[in-house]
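Notes follow once the structure below has been shown.
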Amino acid sequence: MSISKETLLHSYRSMKTIREFEERVHAEIMNGQIPGFTHLYTGQEANAVAVCAHLDESDTIISTHRGHGHCIAKGADVSGMMKELFGSSDGLCKGKGGSMHVADIDKGILGANGIVAGGPPISVGSALAAKIRKNGKVAVSFSGDGSVNQGTCFEAMNMAVVLQVPAVFVIENNYYSEHTHIDYAVGCNDLKARTEAFGFPVFVADGADFFAVHEAAGKAIAHARAGNGPAGVFAEQGRYHGHFVGDPQAYRGEGELDDLRENHDPLKVFRQHMATSGDLSEAELDAIDAEVMAEIEQSVVDAKAAARPTPEQVTADVYIQYGANGVRGTYHA
Ligand SMILES: Cc1ncc(C[n+]2csc(CCOP(=O)(O)OP(=O)(O)O)c2C)c(N)n1
Ligand SMILES: [Mg+2]
């Protein structure tokens, strides 16, 4: 499948934005500037960006606890996200969501999700809405290798087949659930066959290679969009950081992290493809790098200066007040 120059430029910018956002968030957490608990996506950028390259704003995605990359790839405002992580009331979710609950319904981002395998059932609901409305939209759930043994994932996959809805299950295999390797956690040695046994096709890709994921996701999304029911994508690529920021990573093999950064870097692989094809020049890519670095720097400056919630704002929109007759009332402190 040939990819337009505009999409190539946009995709590289998105991957670079995710990379720099994550590395900067890591540094700010280590400096004690960002509250809460954070899981970084660095290394897996090609998965989110290549999948979202096939979506428009009104297709939906549902994300995970490792969700910054998915949200940026789907078009979330980077400055709003940075403010959200810093706990500002000007953040995308008024500073109440934080890292694990970034959402932007207008952009089709139904939310990051702290519940492992919480996303697939939600995407089946969104896909059912698309089928009923006959609007040609697809609903993508991103979830990890740790999600595939969860009952919610099995139930969602089965229901998507039974209902023949346009749900696309993107399984990001980064080889670990928290600190447990997939070889230990998954009993069967052919996960693709096990998933296809639910009754839909699964396309596997090297998650370090944007073009491989783009092709696999293109097939899966076209299948679902054409009304053929659900489809799956397995993208395989390790994460560069620990499970969470601060994870000592004693479970890693010797040289594993160096090998990942050296030989499995989606940004480097993308640049190698461009050097071969000549579709984008080094100067064009370098210019994007510089613009992204400046954008991320500005987002941090703005997030540090942004308003913090007042005590009243902290409790607003948290509880629903029900009227005397049980009718749902307004959101209330
Ligand atoms: C239902 C549920 N069980 C356990 C947890 C704790 N937990 C958080 S992340 C995680 C591992 C998830 O692994 P994976 O799905 O592979 O995603 P990754 O962290 O590798 O991106 C676990 C067990 C949780 N959040 N939700
Ligand atoms: Mg994992």
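The values are calculated or read from the model by the stated rules, or taken from the named source; none is laboratory data. Model, not experiment: these values are computed from the prediction. Neighbour counts run over all protein chains shown; Cβ positions are idealised from the backbone, glycine included. When the accessible area is computed, the model is the full protein with side chains, heavy atoms only, and any ligands, DNA or RNA have been set aside. Shrake-Rupley method; radii C 1.70, N 1.55, O 1.52, S 1.80 Å.
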What are the radius of gyration and Dmax of the stretch 184-333, computed over its Cα atoms and given in Å?
23.3, 69
In whole percent, the Cα-Cα distances of the stretch 1-159 spread across 5 Å bins from 0 upward as 2, 10, 18, 21, 20, 15, 10, 4, 1, 0
Which GluC sites (Glu not before Pro) in the stretch 241-284 sit in a loop by DSSP (not H, G, I, E or B) and have at most 14 other Cβ atoms within 10 Å of their own Cβ?
GLU254
May I ask you to evaluate 6.51 cos²θ - 1.76 cosθ + 1.60, the Karplus curve with θ = phi - 60°, for each residue of the stretch 300-313 and list the ³J(HN,Hα) values in order in whole Hz, giving x for glycine and proline?
6, 4, 5, 5, 5, 8, 6, 4, 9, x, 6, x, 5, 5
Expressed to one decimal in nm², the mean projection of the alpha carbon convex hull of the stretch 5-332 is 18.4
Could you work out the per residue convex hull volume over the alpha carbons of the stretch 67-157, in cubic angstrom?
95
Ignoring ligands, DNA and RNA, what percent of the accessible area of the chain is carbon or sulfur (1.4 Å)?
54
For the stretch 87-218, share of DSSP beta bridges that run antiparallel, in % to the nearest 5:
35
What does the net charge come to around HIS181 if you take all other residues with beta carbon closer than 12 Å to its beta carbon, with K and R at +1 and D and E at -1?
-3
What are the ³J(HN,Hα) couplings of the stretch 130-143, residue after residue, when phi is run through the Karplus curve with 6.51, -1.76, 1.60 and θ = phi - 60°? Round to Hz, x for glycine and proline.
5, 5, 5, 7, 6, 9, x, 8, 10, 10, 9, 10, 9, 8
Just to be sure I understand the model, the point goes 7 Å from the Cα along the line to the Cβ. What's the resulting HIS273 to ILE132 distance in nm?
3.8
Percent of beta bridges antiparallel (DSSP, the chain, rounded to nearest 5)
20
Through the Karplus equation 6.51 cos²θ - 1.76 cosθ + 1.60, θ set to phi - 60°, convert the phi angles of the stretch 273-288 into ³J(HN,Hα) values in whole Hz; use x for Gly and Pro.
4, 5, 5, 6, 7, x, 5, 10, 8, 4, 5, 5, 5, 4, 5, 4
For LYS192, list the lysines whose Cα falls under 23 Å from its own Cα; do not include residues on the same chain fewer than 8 positions away.
LYS219
With every protein chain in place, what's the accessible area of GLU28 (1.4 Å probe, Å², nearest 10)?
10
Hey, can you grab everything whose amide H is under 5 Å from the amide H of PHE234? Only 5+ residues off in sequence or another chain; H modelled, so Pro and N-termini drop out.
ILE171, PHE203, VAL204, ALA205
